[in-house]
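Working notes, structure below.
The values are calculated or read from the model by the stated rules, or taken from the named source; none is laboratory data. A quick note: this is a predicted structure, and the numbers were derived from the prediction, not measured. Cβ atoms come from the backbone with ideal geometry, glycine included; neighbour counts cover every protein chain shown. Areas reflect the complete protein model, heavy atoms only, side chains present, ligands, DNA and RNA absent. Shrake-Rupley method; radii C 1.70, N 1.55, O 1.52, S 1.80 Å.
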Amino acid sequence: MNLSAVQTQLQEQGLGAWLLTDFRGNNPVALRVLGLKPGARRWWYLIPAVGEPLKIVSPVEPWVLDKLPGRKVACPERVLVEAQLRAALPGLGRVAIEYSPSGLNPYVGTVDAGTIEWLRSLGAELVSSQDLVQYFEARWTPEQWQSHLVASQAVNEAIELGWMMIREALAAGQTLTEWDVSSAIVDYLAERGLRGLDGQNVSVGPNTADCHYLPQPEGSAVIGPEQLVLFDIYARLDRGDCVFADYTRMFYTGSQPPERFVAAYAAVAAARDAVIARAEKGAPVCGAELDQIARRILIDAGYGARLKHRTGHSLGINVHGNGAHLDGVEMPDDRSMMAETAFTVEPGVYFDGDFGVRSEVDVYLDAQRRAHVTGLRPPTINCLR
C-alpha cells in the first residue's frame, strides 16, 4: 500500500479517512488494497486524509498489520476497540468504508450491516468507499494493458479455432457437440498460458438464450446445419496480476440466418456501437448512463421484454472487476468511468427456448480517457458461406 497515494485520493475526494477492516477474509477489498492475507481475528486500519494511520489489532495476532505504517494498539476486549474508534472517528468528517447504500453495489458492500450500525453509533459519518476501490482496484498499469492485448489475440484466435472446427465437422458430416468445441478452446488457451474460470460458453440453438450457459460432457447439444451458435470466451494470462479479455461473437451454420436472428442482431450491434461512440467522446460518463444508451436502442427496436442483463461490466484481474459497471437497472452504478480502467460492452436480447444474440467487446480508457476497443465488431452474424 502506498500511504501517500491513498491520502492524496482521500483529499481529492473530500474524505476524512478510509476505515478498512477484515475478519477471516470477509472483506477481500481491504485485503487486496493492503496486500494482506486473512487472519483469525478482526483488525481495523484507519487511514486519515492527513496524519498517521491507526492500527487496532488483537493481541492474539499483534503482527497482522506490522508491514503497514501507523500507530499500533492491541485491544484484547471489544470495549477497548470501541474506545479507540469512538475517540478517532467523530472528528474525521466523512469516513469511507466498504459499504453500499441500499446494497446497490455488492462488489464494494462487503462490511456487514451490523458493523455499519455500530460504527455510526460511535459518531462515524460513513460513506461508500466505491470510488476509492475503483481507483486502487480497477485501474490498469501499462503492463496490464499489454497483458490484455496478449489475451485479446489468444481469445480471438480461440473463437476462430472453434468456428473452424464447426465448419470442418459439418463439411465432413461428423458429429460435433458444444462440449467438444468448448474443450478444444480451453485446451488451446491453456497451451498459450491463459485460463478462464469454469469453462467456455459455446452454445447452439435454444442454448444461446441462456446468458451464462456452459456445456457439460453429458447432454451438450450437437452442432448441426442451419443453427445459431454463440461463443462467449474469456481468459487472462495465468500469472501475476494479468487482466482478462472477454468477447462474444455470433455465427450461423448456414448461408442466410432467419430474419428474426438478423433483426435481433442488428439491434444489438447498433446498441453496442452507440455505447462505444459515447465512450469515444472522452467526456465523463457514468456506467448507468452507458447502460441506458444501449437499453433505449433495444427497447425502441421492440426488445424491451427480451433484456436479461446490464450492458457491460468492469474488467480486470477478475472477469467481473471492481470498477464501474454499465448498469442502470440491476445494480445501478452512478460511478464515472475512470481513466485507466476497462469494461465490456455486451448488449444482448434473449428469447427463452428459442434463441439469443449478443455481441461483446472490451473498452480500455487510457490516462487521457481515450477509448481503445479490443475484440471484433461484426455488423452482421457470420455465416457458413
task = Could you check how many residues of the stretch 1-29 are open to solvent by 10 Å² or more (accessible area, probe 1.4 Å), free of Cβ contacts under 8 Å to residues at least 40 places away in the same chain and in contact with a Phe, Trp or Tyr (Cβ under 7 Å, 6 or more places away or on another chain)?
result = 0
message = For G287, only one of the following conditions fails: (1) touching a residue at least 60 places away in the same chain (Cβ under 8 Å); (2) under 21 Å from the mean Cα position of the chain (by Cα). What is its number?
response = (1)
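Being out of contact with any helix residue (DSSP H, G or I) (no Cβ under 6 Å at 6 or more places or on another chain) and surrounded by fewer than 20 Cβ atoms within 10 Å (Cβ to Cβ) is the filter here; which residues of the stretch 111-125 pass it?
If we filter the stretch 111-125 for residues that are out of contact with any helix residue (DSSP H, G or I) (no Cβ under 6 Å at 6 or more places or on another chain), which is where we start, we get 111-121, 124-125.
Within the stretch 111-125, D112, A113, G114, T115, I116, E117, W118, R120, S121, E125 qualify.
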inquiry  = Checking A235 against (1) of a type outside the set (D, E); (2) more than 16 Å from the chain's Cα centre (by Cα); (3) in a strand (DSSP E or B): exactly one of these is not met. Which one?
reply    = (2)
query = Is it the case that the stretch 357-379 has a residue that's assigned to a loop (DSSP other than H, G, I, E, B), on the phi > 0 side of the Ramachandran plot and open to solvent by 10 Å² or more (accessible area, probe 1.4 Å)?
reply = yes
Complete set of residues in the stretch 155-166 that are surrounded by fewer than 19 Cβ atoms within 10 Å (Cβ to Cβ) and under 21 Å from the mean Cα position of the chain (by Cα) = N156
task = Find all pairs meeting these conditions: Cβ atoms under 8 angstrom apart; at least six residues apart or on different chains; first residue within the stretch 294-309 and under 14 Å from E346 (Cα atoms) and in contact (Cβ under 8 Å) with a residue 12 or more places away in the chain; second residue open to solvent by 60 Å² or more (accessible area, probe 1.4 Å) and aliphatic (A, V, I, L, M).
result = R295/V329; L307/I299
request  = Return the only residue of I276, I299, I381 being at pLDDT 95 or above, out of contact with any strand residue (DSSP E or B) (no Cβ under 8 Å at 6 or more places or on another chain) and among the β-branched types (V, I, T).
outcome  = I299
message = Exactly one of these conditions fails for D238: (1) in contact with a strand residue (DSSP E or B) (Cβ under 7 Å, 6 or more places away or on another chain); (2) among the acidic types (D, E); (3) buried (at least 17 other Cβ atoms within 10 Å of the Cβ). Give me its number.
response = (3)
request  = Would you point out which residue out of G205, G224 is surrounded by fewer than 16 Cβ atoms within 10 Å (Cβ to Cβ) and more than 15 Å from the chain's Cα centre (by Cα)?
outcome  = G224
ask   = From the list S128, S147, S102, S152, which one is open to solvent by less than 60 Å² (accessible area, probe 1.4 Å) and either touching a helix residue (DSSP H, G or I) at 6+ places or on another chain (Cβ under 9 Å) or without any contact (Cβ under 8 Å) to a residue 60 or more places away in the chain (or both)?
value = S128
message = Cβ-Cβ distance below 7 Å, separation of 6 or more or different chains: which pairs start in the stretch 108-122 with a residue that is in contact (Cβ under 8 Å) with a residue 40 or more places away in the chain and end on one that is of a type in the set (V, I, T)?
response = V108/V29; V108/V133; T110/V29; V111/T21; V111/I97
request  = Go through the stretch 331-354 and give me each residue that's surrounded by 24 or more Cβ atoms within 10 Å (Cβ to Cβ) and either out of contact with any Lys or Arg (no Cβ under 7 Å at 6 or more places or on another chain) or at pLDDT below 95 (or both).
outcome  = D333, M337, A342, F343, T344
task = Residues being surrounded by fewer than 18 Cβ atoms within 10 Å (Cβ to Cβ), of a type in the set (A, V, I, L, M, F, W, C) and in a strand (DSSP E or B): count how many of those fall in the stretch 59-96.
result = 2
Residue list for the stretch 310-330, filter: crowded, with 17+ Cβ neighbours inside 10 Å and over 24 Å from V150 (Cα atoms) = R310, T311, L326, D327, G328
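Only one of V57, V64 is among the hydrophobic types (A, V, I, L, M, F, W, C), touching a strand residue (DSSP E or B) at 6+ places or on another chain (Cβ under 9 Å), closer than 26 Å to A138 by Cα and modelled with pLDDT of 95 or more. Can you tell me which? If you could, list the steps in order and put the result at the bottom.
Details: V57 fails: closer than 26 Å to A138 by Cα.
After ruling out the rest, the residue left standing is V64.
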task = Quickly run through the stretch 208-219 and pick out the residues that are without any contact (Cβ under 8 Å) to a residue 60 or more places away in the chain and open to solvent by 20 Å² or more (accessible area, probe 1.4 Å).
result = H212, Y213, L214, Q216, P217, E218, G219
ask   = Can you tell me which residues in the stretch 36-58 are over 24 Å from Q11 (Cα atoms) and assigned to a loop (DSSP other than H, G, I, E, B)?
value = L36, K37, P38, G39, A40, R41, R42, S58
